[in-house]
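Colleague: Have a look at this one.
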Amino acid sequence: MSEAMDFRVIGTRPVRPDGVDKVTGRASFGADFSLPGMLEGAVLRSPHAHARIKRIDVTAALGAPGVKAIVTAEDFPSVAAGAIEGGEGGGDFADLAGNVIARGKVRYHGHAVAAVAAQTRAQALAAAALIEVEYESLPPVLSLDAALADNAPLIDEALKTKGLAEPATTASNLASVIEMGGGDLAAGFAEADLVVERRYQTPTVHQGYIEPHACVGRWVQDDQAMLWCSTQGAFDVRSMTAKVLGQPVGALKVIPSEIGGGFGGKTTIYLEPLSLILSKKSGRPVRMVMSREEVFRATGPASAARLDLRMGFAKDGRITAAEVTMAYEAGAFPGSPVGPGTMCVFAPYRIANFRIKGLDVLVNKPKAAAYRAPGAPQALFATESALDEAAEKLGLDPIELRLRNAVEEGDAAIYGPKFGPIGMRACLEAAAKHPHYLRPKEAGVGRGVAVGFWFNVGLQSSAEVHINEDGTVTVIEGNPDIGGSRASMALMAAETLGVPYESVRVVVADTETAGFSNVTGGSRVTFATGMAVVEASKDIIAQCCSRAAALWSTDQEMVEWRDGAVHPRPGVNVDAQPLSLKDLAGQAGRMGGPLLGKASLNAKGAGPGFSVNLCDALVDKETGRVEVKAFTAIQDAGKAIHPSYVEGQLQGGAAQGIGWALNEEYVYSADGVMENAGFLDYRVPVASDLPMIETQIIEVPNPGHPYGVRGVGETPIVAPLAAVANAVSASAGVRLTELPLSPPRVLAGLDQA
Amino acid sequence: MEGFAYEAPTSVAALRSCLSTAQGAGEMTQILAGGTDLLVQMKQGNRAPRRIIDIKRIAETGALELSGAELTVGASVPAAKVKGFPLVAEAFPGLAHAIDLIGSSQIQGRASLGGNLCNASPAGDTIPALIANGFEAHILTAEGERRLPVEAFVVGVGKNALQPGEVLLALKAPAPAPRSGDAYQRFTPRTEMDIAVVGVGARITVDEAGVITAARIALGAVAPQAFLAEAAGAALVGTRGEPEALEAAAAAAMEAARPISDKRGSADFRRRICGVLVKRVVAEALGRCQGETN
């Protein structure tokens, strides 16, 4: 791998293999699947944010028209505690089971209490309303302050804080504490010419995928079960569902549908175990589909967060010390992404003296789930806002300030490992030279700069490459395609094998067809599954070379693979013509059988992703309304396999980040009911709210991948929060530190200016 | 959604006959025009009519014409058609803009002004524009017809003045006076696909010297129903819309507003935005009094 590497198809922009089906409406999503005799399910959800379940009586509901089965927690085995591995959201299996269906207590408004299967959805809903549940309501805990107060009502009476120096003896809503540090904090602050100290807050937000959760479950008498569902990881659904149901993993087959967005939110399970137990009880397949309201009330949001940050700066902009306490709302069960948040918060900078403290806090809201770079947007919102303020106060250009502190290859990251080649400096330098940054601002417009960072991960992946008898190629892998990964896999296979992109088809297969792969998440698929596809393609090449050598009665060292064919090296004593994939595949029946390449690996060497965002915003000072006038996303992709989908990731992340910054938030009533559980009042930006989002791909190749890839899917959402807030603060003339920057909040800020 | 009976009368007489049997049977009857509110409400379980009467096949509800000095908009005419009607685009640009804010293009192809009015949302975008422009509701009654100004037609959140057995047939307004202009603006956090936090419509008429002779200002989303803020209009009459006059109109509107605090904004925020919008809308309408239409 080198920067000078010439590529044949990598870096081109062919039409994606799944494109036609999607734009013509043929693609089959979670709710599109049906089976003969299938029943429709509905979930009875808690009307309370916090209550004890005293009694559930399903008698009346069981007698309702069309009803075939009803399940409550009693129909599920009790699940032992144990950490969930390989997922993005983190957490514990017992909590996962408790979130799927409430046991003894409801912990948030919308928590599943029972589920019904009936012949029609209307019958199932009508029957669910007939289930009698007696609750003893408890005071809801709805904020970090309320959760951490002395004598706060306990959401989990058995929960003891983890991570304390002295083991906790009493229960609390504080699930865990993370602490790390280095250097001499006091000395660092003593050295500072400027200290910026602020509290930054971000709201609960949802991933906002267009497709609600949906599945069909079928349980057969021999305890073999099948699930069709919309997910980012069929293998994760399999392991989680098997655990919740107390079944062997091998007894469950999971078939992923096309996926209408996930962004991390479809890396866990909600409906899947319910549909299977309903199927087991009724003897029929059961389809379950959430409404949008259910998606908001019961599926994973991103944590609301509060960061108390203090940073010291020398006159020249050097960061002398940094200290932060980060409290993240986990929702009703432990497992906010405060962990990765603590690792990201200062990651882009060289800071000798630092202390980071993270708090994972339970509140009576839905359990937080992964959302693109989980934990990082909240964290970097604080750091990048503080840097912006420091640049302003020190009279330094904000990009220059960041360049003076930027991490480089060879630096030890604050979270441990040493950085390999990274694109932090290259992104900053590109931003400083970007036409957006150089052009004059319109009157009243504020310009914001912010850096984004995400680790990117590797994890386990498998791939098979089959050479069909005419030389066309079928790639089988197990990662649902949420961002154009079929196209990227096809490009990497075509590049490696030396065949046209069009001759490669990529199949996203089920858990009994594809080899094991971890979830589509962590920005890992193009990197890790891509690596598996390349390895499996190389396996094919090795087999081809071996077969050609045998045919030519020579040693394998005497043949070479070039331009999609085996060529004899000079000196081979035969009248050998090159043998293409097609030639060898056509003769497979005489030469050792079908050409099948395989790879399974645990990918190491994921390259961290850095980005710089530029935002121009204009505040209407009479109304507090913000207009985003221009936005540019610059990011290091390592190597952009399919540049259009890299640009799409940058633009999509920017759009979601702008929404997070400006208008998205869960609005709760005093008793813990979300008041805006729909897209009318949960305001994701619409197309006309956004300017054209300009993109610039930087390519600092990652030596850990055969083609230099580093993940690109998550970093794009990290920088926009601060980029927008810095631009809005500049336009408003007042530093705004609490998101979202909705008109009432901006107006309140202007009043205090 | 439960099953229901569906009827589509093709004349006013047939409609009247449908309505009389509906009353007799005591069924829950619902009038259907575009259905962009009704079908959603039914799917959400908020309404469960047993009988639906579709009025789209009746000539009177489909009328869109200028006859004499009166504009008629039939109750079931799709919003997109009204918006594109030359007289509306030229003489009622504020109303045309209000229509353009309803939902999306797809919704506007189906939604009707009559339905938007009957749905009587406090935040309905066309209602302040209709009130400002002096539209009247023409109502089919058991015996004949009656007329009500739009501001008297909306009587509460989701409540209109129709009595059982009555149907809105059309909306009618006088063609605008010379040297007059209208405008509508709403405040939403998003640019579109959103619901008004505050909506303000105005129709202003000036004399040859540029002095305001008539001003109708209507407010939406700041009370249980859209209403005519008479004092705000009165504050402008006799002025040329100078900054002090705009301030006085804004102050009168803020005084008249009775907003609630909810997920879309606090009462104080709404009242304040109401004042800002009144000034902006009056200025825009004034700009149109001399023939400017955009």
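Colleague: Go through the residues of the stretch A:330-349 one by one and say whether even a single one is under 26 Å from A:Glu392 (Cα atoms), assigned to a loop (DSSP other than H, G, I, E, B) and either touching a Cys at 6+ places or on another chain (Cβ under 9 Å) or basic (Lys, Arg) (or both).
Modeller: no
Colleague: Can you name every residue in the stretch A:1-57 that is among the small types (Gly, Ala, Ser) and closer than 30 Å to A:Arg562 by Cα? Break it down stepwise before answering.
Modeller: Here is the first cut: in the stretch A:1-57, the residues among the small types (Gly, Ala, Ser) are A:2, A:4, A:11, A:19, A:25, A:27-28, A:30-31, A:34, A:37, A:41-42, A:46, A:49, A:51.
Result: A:Ser2, A:Ala4, A:Gly11.
Colleague: So is A:Lys621 in a loop (DSSP other than H, G, I, E, B), within 14 Å of chain B (Cβ to nearest Cβ) and either of a type in the set (Lys, Arg) or in contact with a Gly (Cβ under 9 Å, 6 or more places away or on another chain) (or both) or not?
Modeller: Yes.
Colleague: Can you work out which of the residues in the stretch A:728-753 that are hydrophobic (A, V, I, L, M, F, W, C) and in a loop (DSSP other than H, G, I, E, B) is surrounded by the fewest Cβ atoms within 10 Å (Cβ to Cβ)?
Modeller: Step one: of the stretch A:728-753, the residues hydrophobic (A, V, I, L, M, F, W, C) are A:728, A:730, A:732, A:734, A:736, A:739, A:741, A:746-748, A:750, A:753.
Pick out the ones that are also in a loop (DSSP other than H, G, I, E, B) and you get A:734, A:736, A:739, A:741, A:753.
Working: A:Val734: 17, A:Leu736: 23, A:Leu739: 27, A:Leu741: 26, A:Ala753: 10.
So, considering only residues that are hydrophobic (A, V, I, L, M, F, W, C) and in a loop (DSSP other than H, G, I, E, B), the one surrounded by the fewest Cβ atoms within 10 Å (Cβ to Cβ) is A:Ala753.
Colleague: Just the residues that are buried (at least 24 other Cβ atoms within 10 Å of the Cβ) and β-branched (Val, Ile, Thr), please, taken from the stretch A:206-242.
Modeller: A:Val216, A:Thr231, A:Val237, A:Thr241
Colleague: Let me ask something else. Going by what's in this entry, would A:Ala630 be described as under 23 Å from A:Ala302 (Cα atoms) and either away from chain B (no Cβ under 12 Å) or part of a helix (DSSP H, G or I) (or both)?
Modeller: So A:Ala630 does not fit the description; no.
Colleague: Related question: Would you list the strands (runs of 3 or more DSSP E) that sit entirely within the stretch A:541-618 and hold 3 or more residues that are under 24 Å from A:Ala528 (Cβ atoms) and either out of contact with any Phe, Trp or Tyr (no Cβ under 9 Å at 6 or more places or on another chain) or among the β-branched types (Val, Ile, Thr) (or both)?
Modeller: A:595-603
Colleague: Filter the stretch A:109-128 down to the residues that are in a loop (DSSP other than H, G, I, E, B) and surrounded by fewer than 19 Cβ atoms within 10 Å (Cβ to Cβ), then identify the one that is nearest to the other protein chains (Cβ to nearest Cβ).
Modeller: A:Thr120
Colleague: When A:Arg683 is evaluated against the numbered criteria (1) touching a Phe, Trp or Tyr at 6+ places or on another chain (Cβ under 9 Å); (2) within 14 Å of chain B (Cβ to nearest Cβ), which criterion, by number, is the only one it fails?
Modeller: Tallying (1) touching a Phe, Trp or Tyr at 6+ places or on another chain (Cβ under 9 Å); (2) within 14 Å of chain B (Cβ to nearest Cβ), A:Arg683 fails exactly one: (1).
Colleague: Do we find a residue being within 26 Å of the chain's Cα centre (by Cα) and in contact (Cβ under 8 Å) with a residue 12 or more places away in the chain anywhere in the stretch A:388-405?
Modeller: No - not one qualifying residue is present in the stretch A:388-405.
Colleague: Return yes when A:Ser275 is buried (at least 24 other Cβ atoms within 10 Å of the Cβ) and touching a residue at least 24 places away in the same chain (Cβ under 8 Å) and no when it is not.
Modeller: Spelling it out, A:Ser275 is indeed buried (at least 24 other Cβ atoms within 10 Å of the Cβ) and touching a residue at least 24 places away in the same chain (Cβ under 8 Å).
Residue-by-condition table, conditions (1) under 16 Å from A:Arg297 (Cα atoms); (2) in contact with a Gly (Cβ under 6 Å, 6 or more places away or on another chain); (3) among the polar types (S, T, N, Q):
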{"site": "A:Phe29", "(1), (2), (3)": "no, yes, no"}
{"site": "A:Asp32", "(1), (2), (3)": "no, no, no"}
{"site": "A:Gly37", "(1), (2), (3)": "no, no, no"}
{"site": "A:Lys54", "(1), (2), (3)": "no, no, no"}
{"site": "A:Pro65", "(1), (2), (3)": "no, no, no"}
{"site": "A:Ala83", "(1), (2), (3)": "no, no, no"}
{"site": "A:Gly104", "(1), (2), (3)": "no, no, no"}
{"site": "A:His109", "(1), (2), (3)": "yes, yes, no"}
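Colleague: Do we have B:Val200 as within 14 Å of another protein chain (Cβ to nearest Cβ) and hydrophobic (A, V, I, L, M, F, W, C) here? Can you show your working first?
Modeller: Working: within 14 Å of another protein chain (Cβ to nearest Cβ): yes; hydrophobic (A, V, I, L, M, F, W, C): yes.
So B:Val200 passes the test.
Colleague: Still on this structure: Quick test of your reading of the structure: B:Arg186 fulfils all but one of (1) among the charged types (D, E, K, R); (2) over 12 Å from B:Val282 (Cβ atoms); (3) in contact with a strand residue (DSSP E or B) (Cβ under 6 Å, 6 or more places away or on another chain); (4) more than 14 Å from chain A (Cβ to nearest Cβ). Name the failing condition by number.
Modeller: Going through (1) among the charged types (D, E, K, R); (2) over 12 Å from B:Val282 (Cβ atoms); (3) in contact with a strand residue (DSSP E or B) (Cβ under 6 Å, 6 or more places away or on another chain); (4) more than 14 Å from chain A (Cβ to nearest Cβ) one by one, B:Arg186 breaks only (4).
For every residue, the table says whether it meets (1) more than 30 Å from A:Ser537 (Cα to Cα); (2) β-branched (Val, Ile, Thr); (3) in a loop (DSSP other than H, G, I, E, B); (4) away from chain B (no Cβ under 11 Å).
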| residue | (1), (2), (3), (4) |
| --- | --- |
| A:Ile641 | no, yes, yes, yes |
| A:Gly652 | yes, no, no, yes |
| A:Gly678 | yes, no, yes, no |
| A:Gly713 | no, no, yes, yes |
| A:Ala723 | yes, no, no, yes |
| A:Asn726 | yes, no, no, yes |
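Colleague: Would you mind stating whether B:Gly233 is farther than 21 Å from A:Ala748 by Cα and either of a type outside the set (Phe, Trp, Tyr) or within 14 Å of chain A (Cβ to nearest Cβ) (or both)?
Modeller: Against the criterion (farther than 21 Å from A:Ala748 by Cα and either of a type outside the set (Phe, Trp, Tyr) or within 14 Å of chain A (Cβ to nearest Cβ) (or both)), B:Gly233 qualifies.
Colleague: Counting only residues that are more than 30 Å from A:Ala190 (Cα to Cα), give me the strands (runs of 3 or more DSSP E) lying completely in the stretch A:221-314 with at least 3 of them.
Modeller: Working: elements: A:225-229, A:252-256, A:286-289, A:305-313.
In the stretch A:221-314, A:225-229, A:252-256, A:286-289 are the strands (runs of 3 or more DSSP E) which contain 3 or more residues that are more than 30 Å from A:Ala190 (Cα to Cα).
Colleague: Taking the stated definitions as given, is A:Gly564 more than 44 Å from the chain's Cα centre (by Cα), on the phi > 0 side of the Ramachandran plot and of a type outside the set (Ser, Thr, Tyr)?
Modeller: Judged against the criteria, A:Gly564 is not a match.
Colleague: List the residue pairs whose Cβ atoms are under 7 Å apart, where the first residue sits in the stretch A:479-503 and is among the aromatic types (Phe, Trp, Tyr), the second is surrounded by 24 or more Cβ atoms within 10 Å (Cβ to Cβ), and the two are 6 or more positions apart or on different chains.
Modeller: Close Cβ pairs satisfying both conditions: A:Tyr501/A:Ala490; A:Tyr501/A:Leu491; A:Tyr501/A:Ala494.
Colleague: Counting only residues that are touching a Lys or Arg at 6+ places or on another chain (Cβ under 9 Å), surrounded by fewer than 16 Cβ atoms within 10 Å (Cβ to Cβ) and either in a strand (DSSP E or B) or touching a residue at least 60 places away in the same chain (Cβ under 8 Å) (or both), how many does the stretch A:12-34 have?
Modeller: Residues flagged as touching a Lys or Arg at 6+ places or on another chain (Cβ under 9 Å), surrounded by fewer than 16 Cβ atoms within 10 Å (Cβ to Cβ) and either in a strand (DSSP E or B) or touching a residue at least 60 places away in the same chain (Cβ under 8 Å) (or both) within the stretch A:12-34 amount to 2.
Colleague: Report yes if B:Leu246 is in contact with a helix residue (DSSP H, G or I) (Cβ under 6 Å, 6 or more places away or on another chain) and away from chain A (no Cβ under 14 Å), otherwise no.
Modeller: Considered against the rule, which asks whether it is in contact with a helix residue (DSSP H, G or I) (Cβ under 6 Å, 6 or more places away or on another chain) and away from chain A (no Cβ under 14 Å), B:Leu246 comes out as no.
Colleague: Right, here's the next one. If I ask for residues that are modelled with pLDDT of 90 or more and either in contact with a helix residue (DSSP H, G or I) (Cβ under 6 Å, 6 or more places away or on another chain) or part of a strand (DSSP E or B) (or both), which ones from the stretch B:1-28 would you list?
Modeller: B:Ala5, B:Tyr6, B:Glu7, B:Pro9, B:Val12
Colleague: Further question on the same structure: Looking only at the stretch B:254-291, filter to residues that are within 11 Å of another protein chain (Cβ to nearest Cβ) and outside any helix (DSSP H, G or I); which one of those is surrounded by the fewest Cβ atoms within 10 Å (Cβ to Cβ)?
Modeller: B:Ser261
Colleague: Tally the residues that are surrounded by fewer than 20 Cβ atoms within 10 Å (Cβ to Cβ), of a type outside the set (D, E, K, R) and closer than 27 Å to A:Glu675 by Cα, restricting the search to the stretch A:35-52.
Modeller: Going through the stretch A:35-52, the residues surrounded by fewer than 20 Cβ atoms within 10 Å (Cβ to Cβ) turn out to be A:35-38, A:47, A:52.
Next, from what is left, pick out any that are of a type outside the set (D, E, K, R): A:35-38, A:47.
Then drop every residue that is not closer than 27 Å to A:Glu675 by Cα, which leaves A:47.
Residues that pass the stated criteria total 1.
The values are calculated or read from the model by the stated rules, or taken from the named source; none is laboratory data. Just so it is clear, the structure is predicted and the values come from calculations on it, not from any experiment. Cβ coordinates were reconstructed from backbone atoms using ideal geometry, including for glycine residues, and neighbour counts include every protein chain displayed.
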